[in-house]
Amino acid sequence: MITFSKVKSNPHILEYIAETEKTLAALLYTDHGLRHCNLVADRARNIAKEIGLSEREQELSAIAGFCHDMGNFLSRTNHHYLGSLLFQQIFLNEADPNDASVVMQAISNHDKDEMSFTNAIAAILVLADKADVNRSRVTVKDPENLKTDIHDRVNFATEDSKLRVDKNKKTITLTLKIDTSFCPVMEYFEIFTERMVFCRKAAEFLKYKFRLVINKFELL
């Protein structure tokens, strides 16, 4: 049986994540390395726990969260498909077929236009991944260069981000604190509207409502 502990210590997965971090840094992307993978895994497990999924489903949510971006070193465009296949190759003889298929489907589904959901873990991964907007994701160090890329500007301007589940109200809320002196809130929507639509669809699959609050104003 695969466990989160085994996945986090697997040398192949750790190497693929390390290579992904180098590849996307060279392309001037925001962080997709261990920081992002650990955060998404933690958030995915927490969402699964908060909505009442089983301990095994919580574990699989964390596994999918940790592995979801590891295919980026092969291709940014097809990283979700490649990451899914890499996961299958690594754990071919170890994973229960159902566990493997759930994680593979979640990884392959998390970043594509024809996104659809057939299991809760895939929906949870989308929410955990797309909610990672934060200054700590910015890899560019030169302050002048920060201003030239809208993704860097928006992430750098985001001083705090929290994702909370309210089981009683059936809401999943992303709360952001954005420094509007560095970047206007409108720029967030310029690049992240599609992601928020994905989050809304994911929350609806879980029978929750997705809410977005920026600087104490509810926008979704």
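Quick notes on this one:
- Flag if residue 70 is in contact with a Cys (Cβ under 8 Å, 6 or more places away or on another chain), on the phi < 0 side of the Ramachandran plot and of a type in the set (A, V, I, L, M, F, W, C): yes
- Selected residue (criterion: surrounded by the most Cβ atoms within 10 Å (Cβ to Cβ)) from residues of region 112-147 that are touching a Lys or Arg at 6+ places or on another chain (Cβ under 9 Å) and among the charged types (D, E, K, R): 129
- The one condition in (1) buried (at least 18 other Cβ atoms within 10 Å of the Cβ); (2) under 16 Å from residue 163 (Cβ atoms) that residue 213 fails to fulfil: (1)
- Being over 26 Å from residue 172 (Cα atoms), assigned to a helix (DSSP H, G or I), in contact with a helix residue (DSSP H, G or I) (Cβ under 9 Å, 6 or more places away or on another chain) and modelled with pLDDT under 95 holds for only one residue in 85, 24, and it is 24.
- For region 169-220, filtering for residues that are within 23 Å of residue 121 (Cβ to Cβ) and among the charged types (D, E, K, R) leaves 10.
- The residues in region 205-220 that are of a type in the set (D, E, K, R) and under 10 Å from residue 172 (Cβ atoms) can be counted, and the count is 2.
- Extreme residue, farthest from residue 127 (Cα to Cα), among residues of region 55-108 that are aromatic (Phe, Trp, Tyr) and crowded, with 20+ Cβ neighbours inside 10 Å: 91
- Residue count for region 31-88 under the criterion of being over 20 Å from residue 207 (Cβ atoms) and β-branched (Val, Ile, Thr): the result is 3.
- Qualifying residue in region 67-82 (condition: of a type in the set (Gly, Ala, Ser) and at pLDDT below 95): no
The values are calculated or read from the model by the stated rules, or taken from the named source; none is laboratory data. Computed from a predicted model, the values in this text were never measured in an experiment. Cβ sites come from the backbone with ideal geometry, for glycine too, and all protein chains shown count toward neighbours.
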